[in-house]
Each structure stands twice: as structure tokens, then as C-alpha cells.
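Here the structure is laid out as C-alpha cells; the discussion comes afterwards.
Where a number appears in this text, it was derived from the coordinates with a stated rule and is not lab data. Just so it is clear, the structure is predicted and the values come from calculations on it, not from any experiment. For neighbour counting, all protein chains shown are included, and Cβ atoms are generated from backbone atoms with ideal geometry for every residue, glycine included.
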Amino acid sequence: MDKLHQTLMQYFGYDTFKAGQEEIIQSVLDHQDTVAMLPTGGGKSLCYQIPAYMTDGLVLIISPLLSLMEDQVERMKMRGEKRVAALNSTLSFQVRRHIIRHLPSYKFLFVAPEALMSEVLLEQLKSMHIGLFVVDEAHCISEWGHDFRPEYSKLGEWRKALGHPVALALTATATKQTLKDTVQTLQLQHPDFHIHSVNRPNIALVKEAHETKEAKEKRAIELAETLQGPGLIYCPTRQMTEDMTLFIKQKTQQRVEYYHGGMDAGDRMLIQQQFISGQIDLICCTSAFGMGIDKADIRFVIHMSPPQSIEAFMQEIGRGGRDGKSSVSVLLYTEEDADIQSRLIQAEGFDDPEIDFFLAQIAEMSINHEKKLRERLIEAGLQETRARMLTHYYMMCESEQPQVLMKNLKEKLQDRQTEKLRKVWQFKERTTGHSCFRQSLLSYFDEQLETEGSFSENCCSSCGLDLSDYEKKDQQLELNEMKHWKTVLDRMFHLTKEAQH
């Protein structure tokens, strides 16, 4: 057994790699900057953990979400790895300072891209040997991606400041343009590409047209009751997650909760853990839920309307069937959904008075530091997301004359809005078309099925899929009813025990 497989067995207890993992790991061990696209559930985290155990230095992992970081850290600790930490906004100042001061004792450090704006952290990292610079969910790098955050555009600069450590960019979905943006932003030199298909053949694809929002809600409740779970229902708004949860609780026996970014962080973590452990059957959520969540047996993913991009849709349906078993994605839509998304995108835009206000605030502040500038704008009343976007584009144009700056700033903001609108209409074309739904989605990523409908009745609703194959059987319905009563009895027993104390 070679050293690579010995390390795999020693730390993870496996004797074989999943498809693509070994080649990616070997590329990193050969000190090659590497861009890898593996499907959700393909074992991306192993691609930086194995090299970490075989080389010297700290592994720095840039991760986009608090829940994703916490999930990864918890899993590593459960496996016995103590040299791991995550720097995030939930930590107290004292805890953050302790981690930064003791960085040499860690092997893995998870951070959000915003954390690298901390000069204290960056200076400490500069004094250390960074063995590997990992960007998880690397599609976030592209400012045209569905998870755009301005701080991602600075990762190349920060990597340079750390001495250009070997970089590994990991994602499950990316177009050619997103991959190009990743290489440019991270300043990768002749990177190795390991690109695997975004197709998930074990996930059947269903799309259903409905006349009204109410009709979609009624259908979603039916599906929640009849489909074999566990499952997710993605909703376009926070309010809808709460409404759908209430409807399902009223009309079914499903153990269901909602999850969105407006909730307390502790409540979100609790819901997430209850779902992973099987205490909840179904979560109604916004796009804030799911990235990197380690739950392999999600059997269905329902969308209450199309997301704003095909990338987002493929990411979200990829939460299902990570164990490789049959799962189903159901997209519910109305003719008006694309118009609603377009109006939301347009509402995110900036009018001239708002940009004038922004530039006037800048003139008074005399600040040339992006983070400080953004904080001052938020204090002046600008919403955080809008402050992030404006300061990001301003810093790109700041050296220009005032009139030119205004013109270029408006153009950049308009270009971003135009691109987001284009993605919405690209998705609508594929949703309302009559050809193979799977092939129409794959074509967006320049992929081609060997033969349309090659997955036969398990391909998609356009190819004759029978949704009843994914429904609970009579015996399973009875078991679920028994499970429901068992839950009630467990809760009663728990409350009785508490009362005895």
C-alpha cells in the first residue's frame, strides 16, 4: 500500500478514493495550483485534508458560510483532529485573539473571506508557513456567480501577501467563465484542472407548471406528505419558509421547521443538527441553508420557484442523494416567477440620488480603506449588502476623475444587474421548454448527455419520469405514523425526567 492510501486508511478508515479524489490530491502534493470541480457529495474536503497530513504547514481554508465552517470543524473534531479552528463572527474578541495568538499550534484554520481583512490575522499568517491555500465553494469567487461577495476578489492579493502558497479551488458547479474568473482572481500559475460532470444521474428532475402561487403551495404540501423523505423545500423569501412550515404542520404529520438568514445563529445551528440527526423530517428554507451540510440521505428537494440562476439550482438540488441512492428534485413554477425575480433584481439596483449620496459621504470621510469605508456607510444608513457592493466597485474606480468615476461606477452596477437578469431568463427558457430538462441544464455548462433521455424514465419529467416511484409505500407511511407517536412519547418521557430533577 502506497503512502497516499496508507494516509487515507490511517485517518479516515477507507481503502479506496472516490472518483477524482486521488488525482486532485496528487496534483496538490506535486505543488501544482489546482482547480477541481466534483459533484456535491464527491468528497471535496478530503482533497485538502489528506495533503495536510502528508505535508508541513498550516492549511488555510476560505469558506463562505458559518454553518459550513462549523459543520466541517465539528466533523474533524469527531474524527479526533484537535488542531482545527474556525474564525467567525460568533466568537468573542477574547476567543478570536486566543486563536490568532496560538495559530502555530493549529493544522487547519477555517475563515470567511472577510476575516482576511483583519490586519492582525494577516500579519500573524505572514509569519507562518502556509502549506495550502484552499478556497471552498470557489464559484463564490466569480462576481457573476450566485453567491457574489466582494471580498472574494481580494483573495489573490492576500495569497500573494502570504507568499503564494499552493492553491486548491474546490466547487461542485462552475461554468467556463467562472473557472476563468477563479484562475485570474487567485492569480494561479498554470493550474491543473480536474473537472467532473455537474450531472447527478441519481437525482430525477421534475418540473411542474402551475397557474398560481396558491396552487404551488397546495402541491408542495401534497409532495411533502407523499414523497419519501427526508426532504428540503427551498423558498424564495424568508416569510414563505415560515408560512410553508405552518401549512405543512397544520395539514400533515411531518416534523418540519423553517430556516433562514434572519434567525438567531444558535437557532439555525440547532435546526441544522436536528435535521442531520433525523429529529426533523423536512426543512423549509431559503438559499441560506444547505451548502456543505453532511446529510447523505436527503431523498427530495422541492423548489417553490426557480432560483435566480442555473448554478444556484444545481447547487441546491445537489443537497439530495449524496449517498448515491435515488432522489428527486421537483421544481414548481408559474409563468410570472421570472418576472418576480426580475423585479427583485431591479429593486436591488441603485438610482442616481443613492449614488450621489454615497459619493458625498465618501467626500466627507476622506477614507481610502474599504472595510472602514463600508462600516461608515452602514452607520450613515446604507444597508450592509448595498454598502459592500458600492464600496467594492468604488475601490475599483477610485483613481478616476469624479465625473468619470460616476460614469464607470454606474456602468459596473448596471452590468452586474444585466448579467443577473440574463441568468434569470436563461433559466426560464430551460424551464418552459419541452426538450429533455436534464440536457437543457447540462448544456448551460457545455455538457452533453450521450443520448437525450439516456436515463430513461428516471431522467426527468420531459422523458416520462413517474413521480410515484419516489413516494412512500404503505408500509413506510405506517412506520412514519408510528415514528410520529414515538416522538411524542419520547418528548413526554423527556419532560417527565426533567420534572423529576
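Amide H contacts of V328: A204, F300, V301, each under 5 Å away and 5 or more positions distant or on a separate chain (H built 1.01 Å from N in the peptide plane; Pro and chain starts excluded). Subtracting the Cα-Cα distance of S443 and D15 from 0.36 nm times their residue separation leaves 150.5 nm of extension gain.
Count charges around F275 for me, please; just the other residues with Cβ under 9 Å from its Cβ, Lys/Arg as +1, Asp/Glu as -1. In short, -1. In a reduced charge model with +1 at each Lys and Arg Cβ and -1 at each Asp and Glu Cβ, the chain shows a dipole moment near 1180 debye about its Cα centre.
The ranking of L232, L168 from fewest to most other beta carbons within 10 Å of each one's beta carbon is L232, L168.
Please state, to two decimals, what the Cα-based radius of gyration of the stretch 200-307 comes to when divided by 2.2 N^0.38 Å (N = residues). It would help to have the intermediate numbers written out before the result.
On the way: Rg = 13.1 Å, N = 108, 2.2 N^0.38 = 13.0 Å.
That works out to 1.01 for the stretch 200-307.
Simple rule: put +1 on each Lys or Arg Cβ and -1 on each Asp or Glu Cβ in the chain, find the dipole, and look at H98, L116, C284; the Cα lying farthest toward the positive end is H98.
Counting other Cβ atoms within 10 Å, keep those with at most 11, restrict to DSSP loop, and tell me which trypsin sites (Lys or Arg not before Pro) in the stretch 1-104 are left. Please report the intermediate quantities before stating the final value.
Details: sites: K3, K18, K44, R75, K77, R79, K82, R83, R96, R97, R101; in loops: K18, K44, R79, K82, R83.
Sites meeting the loop and neighbour criteria: K82.
Straight-line reach from K249: taking Cα to Cα under 16 Å and skipping same-chain neighbours fewer than 8 places apart, the lysines in range are K218, K483. Pairs of Cα atoms in the chain fall into 10 Å distance bins, from 0 up to the last occupied one, in shares of 3, 17, 27, 27, 18, 7, 1, 0 percent. For C460, nonlocal amide neighbours, meaning residues 5 or more places apart or on other chains whose placed amide H falls under 5 Å from its own, are L205, L465. On the beta carbon distance between Q346 and V404, with R0 = 25 Å, the FRET formula returns roughly 0.45.
Most simply put, the chain has about 0% antiparallel DSSP beta bridges, counting only bridges with both residues inside it.
For I195, the residues whose amide H sits under 5 Å from its own are M37, ignoring neighbours fewer than 5 places away on the same chain, with H placed 1.01 Å from N. Specify whether the C-alpha gyration tensor of the stretch 287-363 places it in the rounded, prolate or oblate class, a ≥ b ≥ c being the square roots of the eigenvalues: rounded for a/c under 1.5, otherwise prolate if a/b is larger than b/c and oblate if not. Cα axes put the stretch 287-363 in the oblate bin. Counting only DSSP H runs of at least 4 residues, each contributing -39500 (n - 2.57), and dividing by the residue count of the chain, the helix-based mean residue ellipticity at 222 nm comes to -15000 deg cm²/dmol.
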